[in-house]
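A short worksheet on the structure shown next.
The values are calculated or read from the model by the stated rules, or taken from the named source; none is laboratory data. The structure presented is a predicted model; accordingly, all values stated were derived computationally and were not measured. Note: ideal-geometry Cβ built from the backbone for every residue, glycine included; neighbour counts use all protein chains shown.
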Amino acid sequence: MPAVSGLEQEFPGKVKARNIDATTPEALETVKKLGFKSHGLVIRSADGTVLWKEPDHQVKIEDVRKALHDLVKQ
């Protein structure tokens, strides 16, 4: 999702974004643990705790922005 890269600029100093190849063996294990069929989007805290997730093709960037906005206000 190319829009994910832009989140670092939208939330400067608060968000680090990265895309991960969901087809590697390590990533496939994580995908399964997260309950995704093949991929998705995850917002994690600095310590790796899952704060928000959306599976597969259901991800809408406006939902991601709202979740991030709500989380950074906390």
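Can you say whether LYS37 is at pLDDT 90 or above, farther than 18 Å from ASP63 by Cα and surrounded by fewer than 10 Cβ atoms within 10 Å (Cβ to Cβ), as far as the supplied structure shows?
On the way: at pLDDT 90 or above: yes; farther than 18 Å from ASP63 by Cα: yes; surrounded by fewer than 10 Cβ atoms within 10 Å (Cβ to Cβ): no.
In short, no.
Can you spot a residue in segment 51-60 that is touching a residue at least 12 places away in the same chain (Cβ under 8 Å), touching an Asp or Glu at 6+ places or on another chain (Cβ under 8 Å) and aromatic (Phe, Trp, Tyr)?
no
If a residue must be surrounded by 10 or more Cβ atoms within 10 Å (Cβ to Cβ) and either assigned to a helix (DSSP H, G or I) or hydrophobic (A, V, I, L, M, F, W, C) (or both), how many such residues does segment 3-22 contain? Break it down stepwise before answering.
Step one: list which residues in segment 3-22 are surrounded by 10 or more Cβ atoms within 10 Å (Cβ to Cβ), which gives 3-8, 10-11, 14-17, 19-20, 22.
Remaining after also requiring either assigned to a helix (DSSP H, G or I) or hydrophobic (A, V, I, L, M, F, W, C) (or both): 3-8, 10-11, 15, 17, 20, 22.
Of the residues in that region, 12 qualify.
Need pairs with beta-carbon distance below 6 Å; first residue in contact (Cβ under 8 Å) with a residue 24 or more places away in the chain and hydrophobic (A, V, I, L, M, F, W, C) and within segment 1-24, second part of a loop (DSSP other than H, G, I, E, B) and surrounded by 11 or more Cβ atoms within 10 Å (Cβ to Cβ); sequence gap 6+ or separate chains.
So the pair list comes out as VAL4/ALA17; LEU7/VAL15; LEU7/ALA17.
Please determine, by comparing only the residues of segment 41-59 that are part of a loop (DSSP other than H, G, I, E, B) and either small (Gly, Ala, Ser) or at pLDDT below 90 (or both), which one is surrounded by the most Cβ atoms within 10 Å (Cβ to Cβ).
VAL59
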